[in-house]
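Colleague: Here it is, the structure in full.
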Amino acid sequence: MKSRSIIRYCVILAVIASVMSSCGSGYQEIPFGGMKGRVQKVTVIHKEPEMWHGNRAYSDVMSVEASAYDINGNEICSAQMDSAGIVLGEAESLFDKGVCIRSTQKSGNRVIARLNLLSHTKRTLEYNKEVLGNTVRMVVKKSSFGRRHKTVVIEDGEIVNISIIKTDRKGYPIEVKEKHPQTGFEAYQLNIYDDNCNLIEKHVTTSDEKQEEIIYTKYSEFDEKGNWIKARTSNRNHLPVENLERVIEYW
């Protein structure tokens, strides 16, 4: 899979997860992405694999992600940085009783998107969405049947995204289907976890790529609460993709 498809699909999942977690019933993301304990901040350092850095005694940092959470597990801010530590993008959100009432996304120092909650019920959220100066009315509708959870995003009366998530008995997403009716873009993700609920395989198929992308993850170190702090990923051919390190701060 080309990098643009991976990035686009990750963005789709991030947006849907944020919207779905802001509603207080039905499907919910496991607090802190399944991590144990009350997490305050997580910093993920993406490093190049050993085979890329030759005889050097270290791995170069490729990028860094950081997220901060409130005491209830809501992600209140996040940032993506390049290898030099320059912030490429960041987001801030304000929650009230588990519902996201305001969110701002920035690229560099420029605000590129805003969400402001207009109203919400048990299964419907209505936002005023502004992207690069253009404003639309965004409605998020959700429904659940057993472990199957559906979210429909509507902007100015037109369906722009349909997401169907199937979870395991513990609430972890094992299948994620995405569809963009306006563009025809579709994506499917299958997640496989180990006995400790750590993601060990991610299979992604999109409508604009011919081959399924598979990412394998192996974990090598854990902190005192049982959350991983070092991992390595590889692709469908079992070639190394990156080394991951996490710094976790707790409340």
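Every read-out reported here was derived from the displayed coordinates using simple, explicitly stated rules and does not represent laboratory data. Fair warning: this is a prediction, and the values are worked out from it, not measured in the lab. All Cβ positions, even for glycine, are placed from backbone atoms using ideal geometry, and neighbour counts span all protein chains on display.
Colleague: Using the basic label-point model (7 angstrom from Cα toward the beta carbon), what is the Lys177 to Arg114 distance in nanometres?
Modeller: Here the answer is 3.7 nm between the modelled labels.
Colleague: For the pair Val247/Glu50, report the inter-label distance in nm, with labels modelled 7 Å from Cα in the Cβ direction.
Modeller: 2.4
Colleague: Grab the Cα-Cα distance for Lys97 and Arg38, subtract it from 0.36 nm times how many residues apart they are, and report the gain in nm with one decimal.
Modeller: So the chain would gain 19.5 nm between Lys97 and Arg38.
Colleague: For the chain, find the longest principal axis of its Cα atoms and tell me its angle to the long axis of helix 3-21, 0 to 90°, nearest 10.
Modeller: 50
Colleague: Stokes-Einstein diffusion coefficient for the chain at 4 °C in a medium of 1.567 mPa s, Rh from the Kirkwood formula over Cα pairs: what value in µm²/s?
Modeller: My calculation gives 67 µm²/s for D.
Colleague: Taking Cα centroids, how far is segment 227-249 from segment 118-170 in Å?
Modeller: If you average the Cα positions of each part, the centres end up 31 Å apart.
Colleague: Picking from His238, His120, His203, which is most flexible by a Gaussian network model of the chain using Cα springs under 10 Å?
Modeller: Judging by the Gaussian network model, the answer is His238.
Colleague: Using a 10 angstrom cutoff on alpha carbons, build the Gaussian network for the chain and name the most mobile of Glu158, Glu213, Glu126.
Modeller: Between Glu158, Glu213, Glu126, it is Glu158 that shows the largest mean-square fluctuation.
Colleague: Mind giving me the nanometre distance, one decimal, between the label points for Lys225 and Lys141, set 7 Å out from Cα along Cα→Cβ?
Modeller: Each label point lies 7 Å from its Cα, and together they span 3.8 nm.
Colleague: Top mean-square fluctuation among Asn116, Asn55, Asn196, Gaussian network model of the chain, C-alpha springs under 10 Å?
Modeller: Evaluated over the chain, the most mobile residue of the options is Asn55.
Colleague: Compute the Cα gyration tensor for segment 126-251, then decide on rounded, prolate or oblate, letting a ≥ b ≥ c be the square roots of its eigenvalues: rounded whenever a/c is under 1.5, prolate when a/b is larger than b/c in the other cases, and oblate in all that remain.
Modeller: prolate
Colleague: In segment 215-248, which GluC sites (Glu not before Pro) fall in coil by DSSP and have 13 or fewer other Cβ atoms within 10 Å?
Modeller: Sparse-neighbourhood loop GluC sites (Glu not before Pro): Glu224.
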